[in-house]
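The values are calculated or read from the model by the stated rules, or taken from the named source; none is laboratory data. Remember, predicted model here, so these are calculated numbers, not experimental data. Using ideal geometry, Cβ is built from the backbone for each residue, glycine included, and neighbour counts are taken over all protein chains shown. Each accessible area value is taken on the protein alone, full model and side chains, heavy atoms only, with ligands, DNA and RNA left out. Shrake-Rupley method; radii C 1.70, N 1.55, O 1.52, S 1.80 Å.
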Amino acid sequence: MPDFTPRVFSGVQPSGGLTLGNYLGAIVKFVDWQERGTHETVYCMVDLHAITVPQDPETLRRNTRELCAGFLAAGIDPERSILVNQSQVPEHAQLGWVFNCVARMGWMERMTQWKDKAGANAERASLGLYAYPALMAADILVYHATHVPVGDDQKQHIELCRDIAAKFNHDYGVEFFPLAEPVIEGVATRIMSLRDGTKKMSKSDPVDASRINLTDDADAISRKFRKAKTDPDPLPGEVAGLEGRPDVRNLVNIHAALAGTTPDAVLAEKAGSQLGHFKADLADLAVSKLAPVSSEMARLMDDPAEIDRILARGAQRAREITVPILERTYDIIGMVR
Ligand code: TYM
């Protein structure tokens with residue numbers, strides 16, 4: 001393989017408000033990569049992915065801007081990172097089509113997210129929902145990205161992206177697309193529902209109390225943590241004691257991720273605490289970390305024109321990378337230009 005420029009790419013769907021899962025599992029990591037300065041960093045609002053299920057146009061526009069505000073408020077600097085909206089860079093969809101012709105039906109059928117989302121009603125799901133992972137591979141590879149920080153639920157999609165890159169390279173006898181590495185690290189790779197510690201925290205869960213939204217105010221955050229499902233036993237002194245206690249494990253993980261420490265360190269400090277006390281502490285910690293982010297988001301949302309300017313500039317910078325990569329792809333596959 002040739003040497004690829006070290007480059008990070010990741011995306012978030014503007015399909016509803018941001019949750020604590022998105023924030024700790026993805027966006028905090030995005031900021032870390034930017035601060036490390038070892039890689040170019042590209043972060044994307046993937047609006048073309050959002051329309052694989054029905055979206056109200058005005059709500060989608062608002063959610064896209066709000067997601068951009070979330071990135072900025074969390075610490076993404078649009079000068080040091082490229083902050084981009086997917087539909088403003090047409091090469092994503094163009095390479096997505098090429099990958100629809102590389103990926104095999106059998107590969108797509110194995111995707112657990114497809115099975116979960118389409119469920120028993122696959123006949124009525126959109127073709128886009130089925131093809132979604134091929135577009136996701138294009139998002140990554142149209143930048144020749146080498147590293148993809150994501151939460152645990154995206155692992156299978158990144159593996160598919162590697163399969164697509166490898167098949168393309170093999171079929172055309174080139175070493176053109178990198179095999180991008182998933183980066184799934186730390187305690188926050190799978191934040192669970194506050195109502196069911198065996199289910200992922202999700203923006204699409206119909207029960208609002210199951211998740212913390214980045215737009216929740218301090219009262220809502222406190223209430224949701226205080227009412228989080230737990231069991232009656234006090235906190236153990238070490239992680240092994242969380243076996244069989246998924247709800248408590250989740251709260252300990254959230255505490256560790258918010259405080260930037262480890263579950264073992266949290267338990268060493270809080271061993272023997274009653275859950276009521278621990279939840280109150282956790283609520284205070286969450287409010288102190290999240291309130292500045294949500295108030296900055298609200299401030300940024302007062303000036304949507306400025307957000308649109310940032311996105312326009314991001315698209316221009318993104319296309320300096322994506323246009324030549326798509327042109328070379330077209331040359332490899334035999335398109336007349
Ligand atoms: P999306 O929008 O569902 O989620 C965005 C990111 O947040 C992570 N995440 C979580 N992490 C920990 N705990 C949770 N409960 C939790 N919920 C969500 C996700 O793992 C993800 O990293 N298909 C992607 C978007 C996408 C993408 C890409 C990502 C499109 N193209 C290219 C990476 C590279 C998705 O639907 O993420």
message: Of everything in the range 116-136, what is over 14 Å from the mean Cα position of the chain (by Cα) and of a type in the set (A, V, I, L, M, F, W, C)? Give them in sequence order.
response: Ala118, Ala120, Ala122, Ala125, Leu127, Leu129, Ala131, Ala134, Leu135
field: Those residues of the range 54-86 which are open to solvent by less than 30 Å² (accessible area, probe 1.4 Å) and among the β-branched types (Val, Ile, Thr), in sequence order
entry: Thr64, Ile76, Ile82, Val84
query: Do you know which residues across the range 228-242 are under 26 Å from the mean Cα position of the chain (by Cα) and among the charged types (D, E, K, R)?
result: Lys229
- prompt: Across the range 14-53, which residue is surrounded by the most Cβ atoms within 10 Å (Cβ to Cβ) among those that are more than 12 Å from the ligand (Cβ to nearest atom) and among the charged types (D, E, K, R)?
  reply: Glu40
task: Answer yes or no as to whether Glu91 is touching a Lys or Arg at 6+ places or on another chain (Cβ under 8 Å) and either among the acidic types (Asp, Glu) or more than 16 Å from the ligand (Cβ to nearest atom) (or both).
output: yes
- request: List the number of the failed condition for Arg61; all other conditions in (1) within 15 Å of the ligand (Cβ to nearest atom); (2) part of a helix (DSSP H, G or I) hold.
  value: (1)
field: Odd one out for Glu109 among (1) open to solvent by less than 50 Å² (accessible area, probe 1.4 Å); (2) among the acidic types (Asp, Glu); (3) more than 21 Å from the chain's Cα centre (by Cα)
entry: (1)
